[in-house]
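The values are calculated or read from the model by the stated rules, or taken from the named source; none is laboratory data. Because the structure is predicted, anything quoted here is derived from the model rather than measured. A quick note on method: Cβ atoms are made from the backbone with ideal geometry, for glycine too, and the neighbour counts reach across all protein chains shown. Surface accessibility is based on the protein's heavy atoms, side chains included, excluding ligands, DNA and RNA. Shrake-Rupley method; radii C 1.70, N 1.55, O 1.52, S 1.80 Å.
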Amino acid sequence: MEAVAGGRLSLPCDITSPIVDDEVYLVLWYKDEVATPIYSLDARRGPLGQARHATNEPLTGRAYFSSIPQPAVLQIDKVSLEDEGLYRCRVDFRKARTQHSALIVSVAVPPGVPIIKDYNGKMLSGIIGPFNEGDSLHLICEAEGGKPIPSLVWWRSRRIIDDSYEVLDHGITRNELFIEKLQRRDLMATLTCQTTNNKISPPLEASVTLDIHCK
C-alpha cells in the first residue's frame, strides 16, 4: 500500500471467521520484526463493540481500529516516513484458528511547488514577455525535495512538450524548456510545469503565459 506523508492510511484486516456463530476475541497489529503489538483490540471480556483498544507510543492519538467496514481497518492519521514498513494483523477467534495477514506500506513525501525561472534565475509567473516573433525562449523549472524522486514535465494545453528532467544536488529536480523560434500560434499560450511522485495527492504545478509581438 502507498500513503502520503501528512495524510491518512487505512490498513485492512479481515476479521470474518470461517465458522458460523463465531466471535472475535483478539486483534493484534505488529510492525516489522518488533514482537510487541503496536495496536491491540481485546474483546475477550465482552462484545466486539465494547472491546478495549490499546496503542503503543508512536501511534498514540493517531490510530484507531474500526470493525464496521468490510474488511475492518486500522486507520493511522498524520502519516510520516517512520510509518513505512511491514504490518502484520493477527486475529484470534473463539472457535476458529488464528488468522494472519500482512501488508507492506511505503510512504511518499510530495515535492515542493515547482518554480519557473528565466535563464538568469529570475522567477516568473503569470504573463511573461513581451517577446518578439522569432525569438528563442529558455525557461527553467525546478522542484525541491520529494520521496521518491518526482517527475517534472512541461505541458502545453493537454500535450506534453518536454519530459526530460534531471536530478541535481540537494534534492532539486530540474527541467529546462527551450523553444528555438516563437511563432504567432504561441501568442498567449500557457506553458505549465507539473510535478508529482505518487498516485494519491494531486500534481503540483506552476504556469506562465506568453505575450508576443507578432510581425
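When the strands (runs of 3 or more DSSP E) confined to the range 135-175 are screened for residues that are open to solvent by less than 70 Å² (accessible area, probe 1.4 Å), those reaching at least 3 such residues are found at 137-144, 151-156. Give the residue that is nearest to residue 143 (Cα to Cα), with candidates limited to residues of the range 161-186 that are touching a His at 6+ places or on another chain (Cβ under 9 Å) and aliphatic (A, V, I, L, M). If we take residues in the range 161-186 being touching a His at 6+ places or on another chain (Cβ under 9 Å) and aliphatic (A, V, I, L, M), then 177 is nearest to residue 143 (Cα to Cα).
Checked against the criterion of being in a helix (DSSP H, G or I), touching a residue at least 12 places away in the same chain (Cβ under 8 Å), closer than 27 Å to residue 105 by Cβ and open to solvent by less than 50 Å² (accessible area, probe 1.4 Å), the range 178-191 contains not a single residue that satisfies it.
So which residues in the range 49-75 are assigned to a loop (DSSP other than H, G, I, E, B), closer than 27 Å to residue 108 by Cα and open to solvent by 60 Å² or more (accessible area, probe 1.4 Å), if there are any at all? Residues satisfying the conditions are 60, 61, 70. Those residues that are within 16 Å of residue 31 (Cβ to Cβ), of a type in the set (S, T, N, Q) and out of contact with any Ser or Thr (no Cβ under 7 Å at 6 or more places or on another chain), I need them from the range 69-104; list them, please. Scanning the range 69-104 gives 80, 101.
Can you confirm whether residue 212 is more than 22 Å from the chain's Cα centre (by Cα) and either of a type in the set (A, V, I, L, M, F, W, C) or under 30 Å from residue 25 (Cα atoms) (or both)? Yes; evaluated as a whole, the condition is true for this residue. On the stretch given as the range 20-48, residues that are exposed (fewer than 12 other Cβ atoms within 10 Å of the Cβ), over 30 Å from the mean Cα position of the chain (by Cα) and farther than 13 Å from residue 67 by Cβ total 4.
Of all residues in the range 59-81 being of a type in the set (Ser, Thr, Tyr) and within 22 Å of residue 18 (Cβ to Cβ), which is nearest to the chain's Cα centre (by Cα)? Checked the range 59-81; the qualifying residue nearest to the chain's Cα centre (by Cα) is 66.
Evaluation of residue 104 against the conditions (1) open to solvent by less than 40 Å² (accessible area, probe 1.4 Å); (2) under 21 Å from the mean Cα position of the chain (by Cα) shows that the sole unmet condition is (1).
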